[in-house]
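Input: a single structure, listed below in structure tokens.
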């Protein structure tokens, strides 16, 4: 109500226009947001995108490392098979040279080193263990094979 007893045009005691703030009573406490809430969130999306990109790069790096390990293991297994076959042929007298000498030559051609060369059955069965020359994550792949005359 105004001083003359009439009601204001804005309605029952509200502000005269929508842009005007409502009046507060004298001595009423005012509320303000805590300081941690007043900080800006600008850049939060950038940090999230960078974290996701880092996670993706890490996952891809791990996948590449695992696949290199698998490939190194397969190559070493192949080298072990070929080395055992060459050693068995030499043991049976089908190729020239000594058993383990032939094994070392074939292993070298397949980027591996002979760790052990054992003759299980003289003139028939040979067992070899080879190690790949290239290390993946500091670990050398190792392959084992056994070969002899066909049944």
Checklist entry - Tell me, 83, 76, 30, 46 in order of fewest to most beta-carbon neighbours within 10 Å? => result 30, 46, 76, 83
Next on the checklist: Assuming 0.36 nm per residue, please report the length gained on full extension of the stretch residue 41 to residue 58 beyond their Cα-Cα distance.
Outcome noted: 3.4 nm
Item to check | √(5λ) per eigenvalue of the Cα gyration tensor, region 45-147, largest first, Å | outcome: 42, 10, 8
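Taken together, the values in this text are just the output of simple stated rules run on the coordinates, not laboratory data. This is a predicted model, so every value here is computed, not measured. Cβ: placed from backbone, ideal geometry, glycine included. Neighbour counts: every protein chain shown.
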